[in-house]
Amino acid sequence: MDTTTKPKYTGKRYRLDKPELLAPAGNLEKLKFAIHYGADAVYIGGQKYGLRSNADNFSFEEMREGVEFANKYGAKVFVATNIYAHNEDIEGIEAYLKELYEAGISAIIVADPAIIEVAQRAVPGLEVHLSTQQSTINWQAVQFWKEEGLPRVVLGREASLKEIAEIKEHVDIEIEAFIHGAMCSSFSGRCVLSNHFTDRDSNRGGCCQSCRWKYDLFEDARENEVWVSEEDTRDSQILKNFELGVNQLPLYEEGDQAFTMGSKDLCMLENIPDLIDVGIDSFKIEGRMKSIHYVATVVNVYRQAIDSYMADPENYVLKPEWLEEIQKAANRPLNTGFFYDTPDHEDHIYEPEEKAVPYDFAGLVMDYDANSQMATIQQRNYFKTGNDIEFFGPNGTFFKQKVGEIYDEAGNLLDAARHPLQMVKIKVDQPVAYFDMMRKKK
């Protein structure tokens with residue numbers, strides 16, 4: 001997009017002087033990694049009323065521990081309570097929200113007006129953010145929710161930078177937007193394929209991600225007044241369908257790859273200045289179901305990019321190593337979503353994509369002895385002597401080396417770290433610190 005036409009936000013921010021980096025946390029361990037690697041806030045799911053029912057999710061006890069950890073780093077914890085409630089879902093919401101407040105949760109993310117009303121009436125001290133499930137993409141709707149008392153709106157993923165600039169021009173409110181992660185093939189949050197195919201309600205936490213499935217394509221022969229006869233031997237599938245009473249012509253050849261309709265993933269790392277200039281207050285990363293390695297890698301890269309730009313906007317330069325790091329956590333091809341243009345066929349994945357993740361989370365640094373240069377590593381995936389590995393951490397740690405000799409805690413020489421959470425020691429080429437991560441090529 002030409003820089004002369006890029007929308008700029010020059011007004012006063014509602015509250016945030018520096019964009020908040022908001023990270024997903026599917027469980028307590030991921031929460032700690034997200035914050036340790038630079039998140040200003042995390043969003044989690046409780047065991048009710050959220051849209052990721054298959055995630056580990058948090059008990060109230062885990063929430064309290066997570067909040068205590070976040071407070072040490074000056075971070076916040078938000079809870080997604082963003083289902084569209086049916087009648088049977090309403091009972092118990094008030095008690096649940098009070099428990100969240102007592103656990104120290106900073107805000108809840110809500111889509112259903114009924115839950116918003118309950119929260120404002122029963123727990124006025126608990127901040128309410130409007131969920132992206134509401135698909136809010138115009139300033140009049142944002143103004144409506146501001147008048148309803150909400151301090152922040154999470155925009156629909158379909159909002160463009162131009163539309164965001166207009167929203168910030170008209171409404172004095174915090175705006176949160178997804179800047180990285182998976183995109184919905186449907187209008188965000190409105191898909192019901194999962195409901196029809198598997199009886200799992202997308203908008204009550206049960207989405208089976210039908211758009212990521214593999215499909216065969218058929219044409220209804222009756223629409224073209226073509227009837228498939230038993231003598232038609234073009235394809236064994238035609239005969240099979242005929243036997244089943246299905247008059248369909250396959251639109252594929254035997255051996256063709258199956259069709260999918262999944263969207264490419266969103267990545268705005270190369271466009272941090274535009275996101276900041278347009279006035280987005282909170283940069284949200286998608287992925288409560290993603291791995292620890294994914295969360296730590298993505299948060300770490302965006303933290304560095306945001307801090308670098310804010311420190312010296314005029315001389316900001318996108319570092320190639322940031323893009324390389326993002327690719328190590330990417331599951332699918334990447335694009336810029338709806339921010340600049342409406343995605344077309346090139347922004348979707350129509351065949352099984354090649355997995356782009358060439359690395360595994362191999363170990364977590366637990367300790368380091370500067371005199372011996374030995375690091376104590378908690379094994380997270382199998383690794384052995386001779387493996388190529390990388391170390392990275394939130395304080396700029398990054399280097400590559402090969403695994404040398406491996407020792408167990410008793411000092412016995414090993415040929416590999418085989419056991420989950422096994423404590424081993426290896427010599428490292430550069431200093432490392434607690435919570436640095438070790439990855440290896442698959």
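The values are calculated or read from the model by the stated rules, or taken from the named source; none is laboratory data. Keep in mind that this is a model prediction, so the values were computed, not measured. Heads up, the Cβs are rebuilt from the backbone with ideal geometry, glycines too, and the neighbour counts pull from every protein chain shown. Surface areas here come from the heavy atoms of the whole protein model, side chains and all, with no ligands, DNA or RNA. Shrake-Rupley method; radii C 1.70, N 1.55, O 1.52, S 1.80 Å.
Counting only residues that are of a type in the set (Ser, Thr, Tyr) and more than 24 Å from Ala39 (Cβ to Cβ), the stretch 62-121 holds 2 of them. Restricting the stretch 364-393 to residues that are hydroxyl-bearing (Ser, Thr, Tyr) and under 11 Å from Pro431 (Cα atoms), the residue that is surrounded by the fewest Cβ atoms within 10 Å (Cβ to Cβ) is Ser372. Out of the residues in the stretch 128-171 that are among the basic types (Lys, Arg) and part of a helix (DSSP H, G or I), state the one that is most open to solvent (accessible area, probe 1.4 Å). Here the residue is Lys162.
Screening the stretch 331-442 for strands (runs of 3 or more DSSP E) wholly inside it with 2 or more residues that are at pLDDT 95 or above and among the acidic types (Asp, Glu) returns the ranges 359-369, 388-392.
What number of residues within the stretch 265-303 satisfy the criterion of being part of a helix (DSSP H, G or I), closer than 16 Å to Pro333 by Cα and of a type in the set (A, V, I, L, M, F, W, C)? So the answer is 2. Within the stretch 28-43, residues that are touching a residue at least 12 places away in the same chain (Cβ under 8 Å) have Cβ atoms under 6 Å from residues that are open to solvent by 10 Å² or more (accessible area, probe 1.4 Å) and aromatic (Phe, Trp, Tyr) in these pairs: Lys32/Phe69; Ile35/Tyr73; His36/Phe435, counting only partners at least 6 apart in sequence or on another chain. Hey, can you tell me all the residues within the stretch 289-330 that are small (Gly, Ala, Ser) and open to solvent by less than 20 Å² (accessible area, probe 1.4 Å)? Those that are small (Gly, Ala, Ser) and open to solvent by less than 20 Å² (accessible area, probe 1.4 Å): Ala296, Ala305, Ala329, Ala330. Scanning the stretch 250-281 for residues that are surrounded by fewer than 20 Cβ atoms within 10 Å (Cβ to Cβ), closer than 16 Å to Arg212 by Cα and small (Gly, Ala, Ser) turns up just one, Ala258.
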